[in-house]
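Participant: I'd like to ask you about the structure that follows.
The values are calculated or read from the model by the stated rules, or taken from the named source; none is laboratory data. A quick note: this is a predicted structure, and the numbers were derived from the prediction, not measured. Heads up, the Cβs are rebuilt from the backbone with ideal geometry, glycines too, and the neighbour counts pull from every protein chain shown. Note: accessible area is taken over every heavy atom of the protein model, side chains too, but ligands, DNA and RNA are not part of it. Shrake-Rupley method; radii C 1.70, N 1.55, O 1.52, S 1.80 Å.
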Amino acid sequence: MTTTPRGRVRPARAAAEAGVQIGDVFVKVGDKDVMTAKLDDIVKLVRGPLNSKVTVTFARNGKPYTVEMT
C-alpha cells in the first residue's frame, strides 16, 4: 500500500495552524479516502474557495487525527 505522508508543514499556514505535523499521513479529505492518492490530487481536494472549511483525517503514530482547516 502506498501512503502520502506530509513532508513539510509551513508556519502560519492552514496546516500548521491546524496542528498538522511532519510525518502525518493523509487518510481522508472530507469523506473521500486518499490513502493511495497522489499529493497533487490531495492538494486539489484540500484547496477550496477563500474561507471555506475542509475536514482532513491523518494517521499519526497509527492513530487517526482529524482537523478542520480553513
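Participant: Please work out which one of (1) charged (D, E, K, R); (2) in a loop (DSSP other than H, G, I, E, B); (3) at pLDDT 90 or above is the condition residue 10 fails and give its number.
Facilitator: (3)
Participant: Search the stretch 13-25 for residues that are closer than 16 Å to residue 35 by Cβ and pair each with any residue that is assigned to a loop (DSSP other than H, G, I, E, B) when their beta-carbon atoms are under 7 Å apart and the residues are at least 6 apart or on different chains.
Facilitator: That search, which allows pairs on different chains as well, returns 23/6; 24/6; 25/3; 25/4.
Participant: On to the next question. For the stretch 45-65, give me each residue that is of a type in the set (Ser, Thr, Tyr), surrounded by fewer than 17 Cβ atoms within 10 Å (Cβ to Cβ) and either over 9 Å from the mean Cα position of the chain (by Cα) or assigned to a loop (DSSP other than H, G, I, E, B) (or both).
Facilitator: Answer for the stretch 45-65, where residues must be of a type in the set (Ser, Thr, Tyr), surrounded by fewer than 17 Cβ atoms within 10 Å (Cβ to Cβ) and either over 9 Å from the mean Cα position of the chain (by Cα) or assigned to a loop (DSSP other than H, G, I, E, B) (or both): just 52.
Participant: Also: Identify the residue in the stretch 14-44 that is assigned to a helix (DSSP H, G or I) and open to solvent by 70 Å² or more (accessible area, probe 1.4 Å) and, among all such residues, is modelled with the highest pLDDT.
Facilitator: By that ranking, first place goes to 41.
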